[in-house]
Amino acid sequence: MDSDTLLARITDYANRPNPYPLYAELRDAGPVVRQADGSYLIGTYHEIAALLHDPRISADPRSSTAPAASEETARPPFLRLDDPEHHRQRTAAMRPFGPPHSPGRVDAMRGEIAQITKELAEAFPTGRQIDVVDDFAYPLPVTVICRLLGVPREDEHLLQAWTDVLVTSADLGPAGDTTERDRAAHQARQEMGGYLVDLAEQRRDRPTGDMLSDFINEPDPALRFTDEELAINTILLFIAGHETTVNLITNGVLTLLRRPDQLDRLRREPGLLPRTVEELLRYEPPVHMRERIPLVDIDVAGTTIPKGASVVLALASGNRDPKRFHDPDRFDPTRPDNQHFGFGSGIHLCFGAPLARIEAEAALGALIPHLSTARLVQDPPPYRQNAMLRGPRHLPVRL
């Protein structure tokens, strides 16, 4: 097959269980491979790193010259904005989350996260089958992000239904008739945004110690969200706060169950957990691709990419580039100099990374004692449809 079909093949659901041979094909054909649909696919580490730090590259979909993008009117969340507006909104979103304004918020959740993981793991039925996703990897980060934002527990199911629709609509893949998908996403975005703004409004001048309260009572006028910005960015925080962590935990369990020697070593050396999480972020990352758009014609490794074109950065391919990582297809928790793209890079580096690391370490730490005699019921397991946010939809395990 030709290299100009690589993106279509990578996003083909049939290749979801193992896209890595296609990433190797991409690197061999690259660094820059033009696709049949006019987009440009990049899978080599150093080129991806340079572009993620290049101010000539836009994250804003409205920068695209593609007809569908030029018709797009929805305002993107700060993750898909460029500076200076990106900086303003990211600063506003970060103030109630982490340093320097809220240095203790995430760290203070360590005990609570440990307790949640302990309770979830203790509820596993001995000698029975569990679904790592539904019984553990999903409930943990959803509970955490709901408590951070201040979403009542009884409303979690509403937000998850909306999230499922929005995540499906955000996938990269072959062009087709997306009218119905886009309509459903628009409705979900309106309903979810309206719910979160209403919830925040209930806390105006009556804060309840959560991030929605902090957003609605922001004292600095320059950092105050409009209702539209509040809706868009709290939707982003809810989705980013759990979707990627679910994948990180589930991919981690799958990887360790496939490698009993590494699982046994972790049981004997729990101090390796932080480095194991870093290696999982490289080896089986929760986010596989990001789209960027040049604001001017740019040259990448001798290829001119025109202004407004779609550039797909295959982060997961860069994480396995042998020009950057020694023996990249080997899972090695003791790997030195592990500068992966698990949380992106550059100005859009995921600011939730410290929380995701705490959750993943707590989750794997709580699960390891239960996995000693566990076996996979299905390998490969069924995967989510989304190629960009890649992870198992279910992970059945017999304890």
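The values are calculated or read from the model by the stated rules, or taken from the named source; none is laboratory data. This structure is a prediction, so every number in the text was calculated from the model and none was measured. Using ideal geometry, Cβ is built from the backbone for each residue, glycine included, and neighbour counts are taken over all protein chains shown. SASA here: full protein model, heavy atoms, side chains in, ligands and nucleic acids out. Shrake-Rupley method; radii C 1.70, N 1.55, O 1.52, S 1.80 Å.
Give the residues of the stretch 297-322 that are more than 25 Å from the chain's Cα centre (by Cα) and open to solvent by 70 Å² or more (accessible area, probe 1.4 Å), sorted by residue number. I'd like the intermediate steps shown before the answer.
We begin by selecting, within the stretch 297-322, every residue more than 25 Å from the chain's Cα centre (by Cα); these are 297-307.
Those that are more than 25 Å from the chain's Cα centre (by Cα) and open to solvent by 70 Å² or more (accessible area, probe 1.4 Å): 297, 299, 304, 307.
Somewhere in the stretch 334-348, is a residue surrounded by fewer than 21 Cβ atoms within 10 Å (Cβ to Cβ), part of a helix (DSSP H, G or I) and either over 13 Å from the mean Cα position of the chain (by Cα) or of a type in the set (Ser, Thr, Tyr) (or both)?
Yes, there is a match, as at least one residue in the stretch 334-348 is surrounded by fewer than 21 Cβ atoms within 10 Å (Cβ to Cβ), part of a helix (DSSP H, G or I) and either over 13 Å from the mean Cα position of the chain (by Cα) or of a type in the set (Ser, Thr, Tyr) (or both).
Which numbered condition trips up residue 123, out of (1) open to solvent by 40 Å² or more (accessible area, probe 1.4 Å); (2) more than 20 Å from residue 344 (Cβ to Cβ); (3) aliphatic (A, V, I, L, M); (4) touching a residue at least 24 places away in the same chain (Cβ under 8 Å)?
(4)
Of the residues that sit in the stretch 181-223 and are acidic (Asp, Glu) and within 16 Å of residue 238 (Cβ to Cβ), which one is most open to solvent (accessible area, probe 1.4 Å)?
198
Under 6 Å between Cβ atoms, which residue pairs at least 6 apart in sequence (or on different chains) link something in the stretch 297-322 that is farther than 11 Å from residue 44 by Cα and touching a residue at least 12 places away in the same chain (Cβ under 8 Å) with a partner that is assigned to a loop (DSSP other than H, G, I, E, B) and not aliphatic (A, V, I, L, M)?
Every condition considered, the pairs that remain are 298/56; 306/297; 307/297; 308/64; 308/65; 310/39; 312/39.
Return the residues of the stretch 376-399 that are outside any loop (DSSP other than H, G, I, E, B) and surrounded by fewer than 16 Cβ atoms within 10 Å (Cβ to Cβ); say none if nothing qualifies.
Narrowing the stretch 376-399 to residues outside any loop (DSSP other than H, G, I, E, B): 376, 383, 392, 396-398.
Result: 398, single match.
Quick check on residue 258: is it within 26 Å of the chain's Cα centre (by Cα), surrounded by fewer than 17 Cβ atoms within 10 Å (Cβ to Cβ) and closer than 22 Å to residue 17 by Cβ? Steps first, answer last, please.
On the way: within 26 Å of the chain's Cα centre (by Cα): yes; surrounded by fewer than 17 Cβ atoms within 10 Å (Cβ to Cβ): yes; closer than 22 Å to residue 17 by Cβ: yes.
Here the answer is yes, as residue 258 does meet what is asked.
Quick one: in the stretch 141-171, of everything that is of a type in the set (A, V, I, L, M, F, W, C) and not in a helix (DSSP H, G or I), which residue is least open to solvent (accessible area, probe 1.4 Å)?
Our first condition is that a residue be of a type in the set (A, V, I, L, M, F, W, C); within the stretch 141-171, this holds for 142, 144-146, 148-149, 151, 158-159, 161-162, 165-167, 170.
Next, only the ones that are not in a helix (DSSP H, G or I) stay: 151, 170.
Values: 151: 12, 170: 52 Å².
Residue satisfying both the conditions and the ranking: 151.
This table checks each residue for (1) surrounded by 19 or more Cβ atoms within 10 Å (Cβ to Cβ); (2) touching a Lys or Arg at 6+ places or on another chain (Cβ under 7 Å).
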position	(1), (2)
40	yes, yes
45	yes, yes
79	yes, no
85	no, no
106	yes, no
127	no, no
133	yes, yes
139	yes, no
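With respect to residue 241, is the statement that it is over 30 Å from residue 75 (Cα atoms) and of a type in the set (Gly, Ala, Ser) true?
Working: over 30 Å from residue 75 (Cα atoms): no; of a type in the set (Gly, Ala, Ser): yes.
So residue 241 does not fit the description; no.
Within the stretch 179-187, can one find any residue that is under 29 Å from residue 113 (Cα atoms) and part of a helix (DSSP H, G or I)? First the steps, then the outcome.
To start, the set of residues in the stretch 179-187 that are under 29 Å from residue 113 (Cα atoms) comprises none.
The answer is no; no qualifying residue exists.
Can you name the residue in the stretch 91-100 that is touching a Leu at 6+ places or on another chain (Cβ under 8 Å) and open to solvent by 40 Å² or more (accessible area, probe 1.4 Å) and, of all such residues, is modelled with the highest pLDDT?
Checked the stretch 91-100; the qualifying residue modelled with the highest pLDDT is 91.
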